[in-house]
Amino acid sequence: MSETTKRHHLVVRITHWVNALALAIMVGSGLRIFNAYPAFARKGETFCCYPFEGHRIPAWLTFGGWLAGARHWHFAAMWALVLNGLVYLGFIYLHGEWRDLVPRGGFLRDAWQMVRFYLAVRRDHPRQGKHNGLQRLAYFSMPIVGIAAVLSGLAIWKPVQLAPLTAIFGGFVWARYWHFVAMLALVVLTLGHVFMVFTVDPYSLRAIITGGYNPDRSPEARNARPFVNLRAAPAPTLAPAPPAPSTGEPKAAPPPADEAPPEGKP
């Protein structure tokens with residue numbers, strides 16, 4: 001078994017968990033704010049692209065208690081998310097870790113091969129580095145979607161003061177809609193990330209907590225797909241046969257193979 005290697009810097013680990021907490025608060029409080037007016041069309045108008053107009057989000061998915069409380073939590077988490085994101089992006093740029101996340105040439109081909117492997121069309125795990133093609137696509141997309149969520153949120157927070165920004169999103173109604181879509185995209189990416197961690201690479205949890213990772217337990221080394229080969233299979237070993245118990249008496253030597261037994265004895 002190979003030695004544990006350092007996979008994630010302390011800054012990456014801290015910003016990862018701060019981002020997870022801030023995102024959870026933002027989503028829950030945002031849904032609570034949405035429930036105050038669960039529609040995108042103005043009163044008396046219609047909206048083309050949301051089939052659940054007037055239907056509230058289940059209360060257990062919301063956070064903040066009431067509208068004012070949810071707004072306070074939402075804005076507090078927004079600033080935490082923005083500052084945390086700037087620290088993360090600045091660090092991976094200065095530290096060079098952006099090279100592990102930015103899609104390279106042929107990443108769409110690599111992502112497609114991972115899809116084929118996860119669907120059991122391909123038998124062997126595609127070769128990869130720190131992250132496979134699908135992971136690069138997801139991890140690269142999340143900051144972009146996060147930026148879209150923040151900008152569209154600012155557009156609906158200050159639609160008059162930031163009128164040019166609101167206009168870029170198509171006006172207040174559409175800015176609110178794109179903010180909702182960006183939130184939904186972040187939730188889908190996050191849930192997909194969590195699902196793949198627990199069903200394909202549970203050993204990566206240690207890496208994002210302590211920083212250490214054992215390459216022998218990587219999905220590539222285990223040929224792991226969802227719910228398959230969750231544990232690293234140890235190499236089979238043959239245990240030595242236990243010695244026969246001793247009686248304390250000398251054993252008679254067996255007769256030679258070509259010597260016939262004495263007459264009258266079997």
Amide H neighbours of G171 under 5 Å, counting only residues 5+ apart in sequence or on other chains, H built in-plane at 1.01 Å?
none
Could you pull out every residue, at least 5 positions away or on a different chain, whose amide H is within less than 5 Å of the one on G212? Hs are placed 1.01 Å off N in the peptide plane, and Pro or chain starts have none.
R7
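Keeping every protein chain in place, order E97, E220 by accessible area at 1.4 Å, biggest value first, i.e. largest first.
My answer, sorted largest first, is E220, E97.
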Compute the angle between helix 67-95 and the longest alpha-carbon principal axis of the chain, please, reported from 0 to 90 degrees and rounded to the nearest 10.
60
Whole-Å distance, taken between Cα centres, linking the stretch 145-207 and the stretch 1-69
8
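Taking only C-alpha pairs under 8 Å that are 6+ residues apart, what is the relative contact order of the stretch 105-235 in percent?
20
At a temperature of 37 °C and a viscosity of 0.692 mPa s, determine how fast the stretch 93-202 diffuses translationally according to Stokes-Einstein, using the Kirkwood radius over alpha-carbon pairs as Rh; express D in µm²/s, rounded to the nearest whole number.
On the way: Rh = 16.0 Å.
It comes out at roughly 205 µm²/s.
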Heavy atoms of the protein only, probe of 1.4 Å, neighbouring chains included. What is the accessible area of I156 in Å², nearest 10?
40
Using protein chains only and a probe of 1.4 angstrom, how many square angstrom of D124 are accessible, to the nearest 10?
80
Contour excess over end-to-end distance, with Cα ends at A41 and T210 and 0.36 nm allotted per residue
56.1 nm
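Given an 8 Å cut-off on Cα distances and at least 6 residues of separation, report the relative contact order of the stretch 77-136 as a percent. Display every interim value, and only then the final one.
Details: 34 pairs, mean separation 20.3, N = 60.
Reported relative contact order: 34 percent.
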Probe 1.4 Å, all protein chains in place: accessible area of W79 in Å², nearest 10?
130
Ranked order, Y37, Y50, Y93 - accessible area, probe 1.4 Å, largest first
Y93, Y37, Y50
Sort I168, I33 from largest to smallest accessible area, using a 1.4 Å probe on the heavy atoms of the protein chains.
I168, I33
Which label belongs to the value computed from this structure, given these candidates for P(r) over Cα pairs in 5 Å bins from 0, in percent: [x] 1, 6, 12, 17, 18, 17, 13, 8, 5, 2, 1, 0, 0; [y] 1, 5, 9, 12, 13, 12, 10, 8, 7, 4, 3, 2, 2, 2, 2, 2, 2, 2, 1, 1, 1, 0, 0, 0; [z] 1, 6, 14, 19, 21, 18, 13, 6, 1, 0, 0?
[y]
Under the 0.36 nm per residue contour assumption, what length would be gained going from the current alpha-carbon distance of R122 and V160 to full extension?
8.3 nm
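Write down the accessible area per residue of the chain in Å², having rolled a 1.4 Å probe over the full set of protein chains. Present the calculation step by step, with values, prior to reporting the outcome.
On the way: 17550 Å² over 266 residues.
In whole numbers, the chain has 66 Å² accessible per residue.
The values are calculated or read from the model by the stated rules, or taken from the named source; none is laboratory data. Nothing here was measured: the structure is a model prediction, and the numbers come from that model. Surface areas here come from the heavy atoms of the whole protein model, side chains and all, with no ligands, DNA or RNA. Shrake-Rupley method; radii C 1.70, N 1.55, O 1.52, S 1.80 Å.
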